[in-house]
Amino acid sequence: MSGSVLRVALPAPVWGLFDYLPPPGAEPDELQPGQRLLVPFGRGRRCGLLVERAESSEVPPSRLKAALELLDEAPLLSPEHLDFLRWVADYYHHPPGEVLLPALPLRLRKGKPPLPDVPKGIRLAVEAAEAERRLRRAPKQREVVRWLAEQGGAAPLTAFRARFEKGRAALRALQEKGLVTESPPEEPLQCGARTPPPYPLTAEQEAAVAAVAAELRRFRPWLLEGVTGSGKTEVYLRLAQQVLEEGRSVLLLVPEIALTPQLVARFRERLAVPIALLHSGRSEGERERDWQRARSGRARLLIGTRSAVLAPLPDLGLVLVDEEHDPSYKQQEGVRYSARDLALVRAQRAGCPAVLGSATPSLESLRNARQGRYGWLRLRRRPTGGGLPRMRLLDIRGQRLEGGLSRPLLERIGETLDSGRQVLVFLNRRGYAPVLACYQCGWLSECPRCDARQTWHRGWRKLVCHHCGSQRPVPSGCPACGAADLHPLGQGTERLEEVLAARFPRHPLVRIDRDTTAARGSVERLLERVRKGGAGLLVGTQMLAKGHHFPGVALVAMVDVDGGLFSADYRAAERTAQLVVQVAGRAGRGAHPGEMILQTRYPEHPLLQTLVRGGYDAFAEEALAERKAAELPPFSRQALLRAAAARMETAEEFLRQAAAAAQSQGESGLVLWGPVPAPMSRRAGRYRAQLLLQGARRDVLQRVLRALMPRLQRLPEAGRVRWSLDVDPLDLY
Ligand code: ADP
Ligand code: ZN
Ligand code: ZN
């Protein structure tokens, strides 16, 4: 790479790169792609990333400015990784600077120097949240842990002594508990098993491991389809160990932070390898250190949520995606990438296998497996015994409900609790009630900024919109007619908790949703109580449906499945089926057979009938046939152009112009739907409309988008709308 024009990615909503001259005093050959530069931009200065060097620029020499300063001695990103990130920008049609810079840790993105390496000192040996949880009764030690976390998980001993004058006893206690170690204990690089596997593999697991292990040196996607509790994680562990032993690295993606502690603990226990963790539950400093450890090859197992797929990891030898169907893999703002899909791209570029695991695979992955494009590995049995729970539809038409619960369900809950087993009650709605209403005049707690209702959060005494976050105090009477009483309509988990606690006062109850787990470490704390049998009743939202194992749960109840049956979004059926099966998978791990009850007013609904009779397999078979008939993904490719403006007409006009521009390309394999108002046509005070572009094939759609995007910026209405493109959208709103 030569030339004295520097092509720099900057965080700006502009396509393409920005040209600069080298900073004063810099030797051109000092400058390498992947280094950060401070550059003048507008009236200020920004931190950018050098992407390439060129001989010349389209900017006239007189207007070409010099960069101000080179910020890194060595590149932060390798040419291969830069290339991957540029591919991402290209595929999702997003400005490169808004892909490349957000892929860096926050401080580096802002131009700050990397946190220094800590050569001799102390470091956290476990996640800070986990350490804090174990130190609830040791405030002094907890303080040390917090401080270490703020320092990025490690600090020189001198800094520790300066900060904690009388801290020696606390430090010794932490070391004895194994929560803090002396550095440099970055564990040895050649690594393998720390503890031997606790059990031999089942024949199914053995076959899965052998299949993937037979081709570790080339790209191949695998779908590992196994019912919950069938031992998928064990398969990941064995494969990871083998790849790590060969000196290569492993990327493991998990859907959500709440899932990581158990899983991470299992990997840490089994594999003697430094692990880097990237998820939102960690402090900025911890994340930056771990990003650096992954980048430099010091940590060769990277476990993380969605954005970890953008982190550098040299010598990649295996990519694992747990719960590959999970919608949280899709980024919903900025560059709207799918971490699941990008994981495959990374494996392809690295020439290694990618294993996508799920009990309820996405229809996309299932189709690929059926067509033989992915290897298909199945785990049909739970090694621990215990069958999958029996599913039963409970018709609640005409029944009197108490807080949403029917009499037969309440009775069954009572029986199960009395027999000493746990019950999980699932409702995917937090808060006390989704609406507050006046029976006198019909007033409803509408959000002033959205086409939606504000949810009543009784504990906080507030009305909150779950879409835009707007809040207000609960009015003491009706704001419209002055009537004294307002009434909750429907229920959320908060109300469910109240009803169940009143009905079963002798059985401790734990509620798990975003409201009860906002504080760091609280999910684990609550889950631990459940695991230790300290709670008979578990109430929660989808946080409960994922990943966790509750061996003591013998009854799972879904209060309301009907919500997902009649959505306008064609993916709603898939989501509902996945949710039902995932929730079911929480039960019946122990010796007892589990049971699942679904309350519904539509017991004859084909989706429910298919699920109950044939399980997820049967559902997927039918759903794929329907998608095929309707030419919907995965039998076609979509992109959704969204626009929001102060007036609906403006948003629609912009999209009409966009549609005309797309149409004028004369692609035969392209279908346009819209523009139409979005299902939630007003959100946070803006009117929203959308245009769906559907291509028979990926390359057709990509061609259209490539030509369309530069034209969109120049459309007459472009300055008056906020618009965004979503390639392979998951939600059509
Ligand atoms: P999944 O990831 O599919 O939900 P896990 O790997 O977590 O399943 O396994 C579920 C349970 O079964 C765990 O408690 C695990 O320790 C146990 N297990 C997994 N494989 C085996 C095996 N081969 N023999 C005995 N127990 C196993
Ligand atoms: Zn009223
Ligand atoms: Zn709102």
- Query: Could you list, bin by bin from short to long, the percent of Cα-Cα pairs of the range 445-532 in 10 Å steps?
  - Reply: 14, 37, 31, 15, 3, 0
- Computed log₁₀ I(q)/I(0) - Debye formula, equal Cα scatterers, no solvent, the range 121-182, q 0.13, 0.19 Å⁻¹: -0.25, -0.56
- Which order, highest average first, do 125-132, 504-511, 319-326, 151-158 follow once you tally other Cβ atoms within 10 Å for each residue and take the mean per peptide? 319-326, 125-132, 151-158, 504-511
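Rank-order 219-229, 340-350 by packing density, defined as the average count of other C-beta atoms within 10 Å over each peptide's residues, highest first.
With the highest mean Cβ count within 10 Å placed first, the list reads 219-229, 340-350.
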- Considering Cα pairs under 8 angstrom that are at least six residues apart, work out the relative contact order of the range 325-455 and quote it in whole percent. 9
- Can you list, bin by bin at 5 Å, the percent of alpha carbon pairs in the range 5-109, starting at 0? 2, 13, 25, 27, 20, 10, 2, 0
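Under Stokes-Einstein, with the Kirkwood radius over Cα pairs standing in for Rh, what whole-number D in µm²/s applies to the range 250-334 at 37 °C and 0.692 mPa s?
Estimated diffusion coefficient is 253 µm²/s.
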- Mind pulling the per residue volume of the convex hull built on the Cα atoms of the range 292-331? Å³ is fine. 66
- If only Cα atoms are counted, what is the Rg of the range 196-245, and what is its Dmax, in Å? 10.9, 30
- Task: Using +1 at the Cβ of each Lys and Arg and -1 at the Cβ of each Asp and Glu in the range 121-182, identify which of L157, L124, A138 lies farthest towards the dipole's positive end.
- Result: A138
- Short version: ³J(HN,Hα) in whole Hz for each residue of the range 297-314, in order, from phi by Karplus 6.51 cos²θ - 1.76 cosθ + 1.60 (θ = phi - 60°), x for Gly and Pro, what are they? x, 6, 9, 10, 10, 10, 10, x, 8, 2, 6, 4, 5, 8, 7, x, 8, x
- Mind checking the log10 I(q)/I(0) for the range 449-596 at q = 0.18 Å⁻¹? Debye, one equal scatterer per Cα, no solvent, two decimals. -1.25
- Using helices alone, what [θ] at 222 nm do you get for the chain, with -39,500 (n - 2.57) per DSSP H run of 4 or more residues, divided over all residues and rounded to the nearest 500? -9500 deg cm²/dmol
- Task: List, in order, the whole-Hz ³J(HN,Hα) value for each residue of the range 230-240 obtained from phi through the Karplus relation with A = 6.51, B = -1.76, C = 1.60 and θ = phi - 60°; use x for Gly and Pro.
- Result: 8, x, 5, 4, 4, 5, 4, 4, 5, 5, 4
- Against the rule of thumb 2.2 N^0.38 Å, how large the Cα Rg of the chain comes out: 1.01
- Query: Quick one: putting +1 on the C-beta of Lys and Arg, -1 on the C-beta of Asp and Glu, what dipole do you get for the range 637-727 around its Cα centre, in Debye to the nearest 20?
  - Reply: 280
- Item | Cα-based convex hull, the range 534-652, per residue volume (Å³, whole number) | 170
- Task: Based on the mean of other Cβ atoms within 10 Å per residue, sort peptides 648-661, 285-298 so the most packed one is first.
- Result: 285-298, 648-661
- Query: Under the definition of Cα pairs under 8 Å and six or more residues apart, what whole-number percent is the relative contact order of the chain?
  - Reply: 10
- Just need the Rg to Rh number for the range 637-727, please, alpha carbons only, Kirkwood Rh. 0.96
- Could you pull out every residue, at least 5 positions away or on a different chain, whose amide H is within less than 5 Å of the one on F41? Hs are placed 1.01 Å off N in the peptide plane, and Pro or chain starts have none. R46
- Only bridges with both residues in the chain count here: give the DSSP antiparallel percent, nearest 5. 55
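Each reported figure results from applying straightforward, stated rules to the coordinates on display, with no laboratory input. None of the values given here were measured: they were computed from a predicted structure. Please note: Cβ atoms are built from the backbone with ideal geometry, for glycine as well, and neighbour counts cover all protein chains shown.
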